Structure formats: structure tokens, C-alpha cells
Amino acid sequence: STLLEASKYFSEPYKVLFIGAKNEVEVKKLKELTSDNSNIKILSWLKPSELGEYPAKTRIGILPLQDTFFNSRLTSPLKLFDYFGYGIPVISADLTALRDLVYEHKTGLFFENNPRDLAHKIDQLMSDEALWQNMSKNVYAFAEKKLWTNRAQQLVAHFQNQAGEK
């Protein structure tokens, strides 16, 4: 709902794609809410093999998570890593758990949990090509560090160092 509301405040008529409506009832409800805006497309859950060209055409990933205990302290949303795997900078709710994963003006931006601030951050990132390019480059570098193979190598090196100190 935050992103739907934010779309009313965009400075340009950006195309918005929602992927992940839980079922056809939710798809229908969201389509009814957005029937007056042809720039918004709603899709249900998609398998990775069904994503097609959507990731390549996606400029910004949005994480409008609500400020709950779980989201603020414990979450590590897979969608964030999906975005990063495609080099897509994010705009995220400013939650403690995400501060370890999203770096302000490096891999993404944080927004206050309100539609106007989200719209402002989307406008900022859409209109500043240099900022977007830099973030996209940083996202790839960050994602590479988080690959399981790289993390496993770091863990092995850490444990070998620990064993060598004893």
C-alpha cells in the first residue's frame, strides 16, 4: 500500500511492477485499487524461470517493509538478495536489520515509512543517472562478497587462523 500511495506523488509517470501477490484474489484486489493507473502492473508469485526479462528491465527494487519486531530486528529478505543478484539498487524502509545489508548512497537509499518520502527517493534515484550507475556497480561488488563460495572461503580462513593461534 505504501508503494501504491507513493505512485501518486511521482514527478514522472514511472512504470511500477508488483510481483508476488499471494493468490488471484489478491491480484484482483490490487488491480481494482490501481485500475485508474495504467503504469502499474500486478503479477502473482513467479518462479525464477518465469521472471523472463523483468529483472533486466528493473531499475530500482523497493523494500517497503513494515516496522515490526521481526522486520526490524530479524529479517534478511531474500528479495533484497534477488535485487542485488541482478545489480538492482534498492530503496528500503529504514529498519535496523537492513542497515547491515543496505548501505546508504552506496547500494541503496532508505525512506521514512511514508508514501511521500518513498516517492521522493524514487524520484531521486530515477533522475540521478550517476548515482544509479554507482549504486548498481556497488551492488554487484556487495553481492559477490556474499556468494556462498566466497563466504565459505572466509569461514575456512577464519577457522584456520583460529586453529593456528592455539
(request) Please specify each residue of the stretch 45-75 satisfying the condition of being open to solvent by 40 Å² or more (accessible area, probe 1.4 Å) and touching a residue at least 60 places away in the same chain (Cβ under 8 Å). (result) 59, 64
(request) Starting from the stretch 33-44, keep only residues that are farther than 13 Å from residue 18 by Cα, then list their pairs with residues that are surrounded by 13 or more Cβ atoms within 10 Å (Cβ to Cβ) and of a type in the set (D, E, K, R) whose Cβ atoms are within a distance under 6 Å, requiring at least 6 positions of separation or different chains. (result) none
(request) Mind listing just one residue for me: the one in the stretch 105-151 that is of a type in the set (Asp, Glu) and modelled with pLDDT of 95 or more and, of those, nearest to residue 93 (Cα to Cα)? (result) 117
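Within the stretch 76-122, can you find the residues that are assigned to a loop (DSSP other than H, G, I, E, B) and either open to solvent by 70 Å² or more (accessible area, probe 1.4 Å) or aliphatic (A, V, I, L, M) (or both)? Outline the logic, then answer.
Filtering the stretch 76-122 down to residues assigned to a loop (DSSP other than H, G, I, E, B) leaves 76-77, 86-89, 94-95, 101-103, 105-107, 112-114.
Residues satisfying the conditions are 86, 88, 94, 95, 101, 102, 103, 105, 106, 112, 113.
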(request) State which residue is nearest to the chain's Cα centre (by Cα) when the search covers only the stretch 1-24 and only residues that are among the polar types (S, T, N, Q) and part of a helix (DSSP H, G or I). (result) 2
(request) Would you check which residues across the stretch 9-24 are of a type outside the set (Gly, Ala, Ser), open to solvent by 50 Å² or more (accessible area, probe 1.4 Å) and at pLDDT 90 or above and list them? (result) 9, 12, 13, 15, 17
(message) Could you check the stretch 25-41 and list, in sequence order, the residues that are in a loop (DSSP other than H, G, I, E, B), open to solvent by 100 Å² or more (accessible area, probe 1.4 Å) and modelled with pLDDT of 85 or more?
(response) 38
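The values are calculated or read from the model by the stated rules, or taken from the named source; none is laboratory data. Quick caveat: nothing in here was measured; it's all calculated off a predicted structure. With ideal geometry, Cβ positions are generated from the backbone for all residues, glycine too; neighbour counts draw on all protein chains shown. Heavy atoms of the whole protein, side chains included, go into the accessibility calculation; ligands, DNA and RNA do not. Shrake-Rupley method; radii C 1.70, N 1.55, O 1.52, S 1.80 Å.
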